[in-house]
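Notes follow once the structure below has been shown.
Every number here is computed from the coordinates shown, using simple stated rules; none is lab data. No experiment lies behind these values; they were computed from the predicted model shown. No Cβ is skipped: glycine too gets one built from the backbone with ideal geometry, and neighbour counts run over all protein chains shown.
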Amino acid sequence: MAEKLELIAQRIKTVPDFPTKGIPFKDIFPILKDPKALAAVTDLFEEHVRNSYPQVDLIVGMDARGFLFGPLLAQRLGIGFAPIRKKGKLPGSTLSVAYSLEYATAEAEMQEDAVSAGQKILIIDDLLATGGTLCAACALIRQQKAEVVGCVVVVELKYLNGSDKLKPTPVFSLLQY
């Protein structure tokens, strides 16, 4: 496990002042260029989910980087994947919720039929900062009367206390800064 985490950590770049001045952006895209690093992320997520959430019914991924890891994890687990996207990107009837980021505001949407009442949902994204995006995802899933069993992310910026906003929903992160 430590070897896989080290490989992943070596691939993450910090980009200063992106998208706005003062934000030290954690760029996970170099993970995608390295098949071993991408496999390490998927392996560690799969191990965590199998050990902690054997009852999970569906993986829900956040636009856009949750889409990079979510389908891989869902396929490994033999379950489905559903997206939460930025407003106006999904066809058909949708539910939406507005939320705040550390540097902007946004609105997230999910198709009304993406999850079913009573399903146990695991949310995946690349990074947890202030918690706004994942809180919005939890709200959308709960609007559909499904249960959020947990959230998984590659990187958690602990100093922004985003996981506090998600309580009592558990958060699992591979790397913390």
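GNM remark for the chain: springs join alpha carbons under 10 Å apart, and the peak mean-square fluctuation among TYR159, TYR99, TYR53 falls on TYR159. Amide H contacts under 5 Å for THR94: GLU112, restricted to partners 5 or more places along the chain or on a different chain, H placed in the peptide plane at 1.01 Å from N.
Which entries of LYS33/LYS87; LYS26/LYS120; LYS26/LYS86 show an alpha-carbon separation above 23 angstrom in the structure shown?
From the list (LYS33/LYS87; LYS26/LYS120; LYS26/LYS86), the Cα-Cα distance tops 23 Å for LYS33/LYS87; LYS26/LYS120.
Normalising the average separation of contacting C-alpha pairs (under 8 angstrom, six or more residues apart) by the number of residues puts the relative contact order of the chain at 17 percent. Each 5 Å bin, from zero up to the one with the longest distance, holds this percent of the alpha carbon pairs of the chain: 1, 9, 18, 22, 21, 16, 9, 3, 0. The antiparallel fraction among DSSP beta bridges confined to the chain stands at about 35%. Helices in the chain, meaning DSSP H runs of at least 4 residues, each add -39500 (n - 2.57). Divided by all residues, the mean residue ellipticity at 222 nm is -10500 deg cm²/dmol. Taking Cα centre as origin and charging only the Cβ of basic (Lys, Arg, +1) and acidic (Asp, Glu, -1) residues, the dipole magnitude of the chain rounds to 140 debye. In the elastic network of the chain, a GNM with C-alpha springs shorter than 10 Å, the most mobile of ALA64, ALA104, ALA39 is ALA104. Express in whole angstrom the spacing between the alpha-carbon centres of region 39-76 and region 130-166. Rounded to whole Å, the Cα centres lie 15 Å apart.
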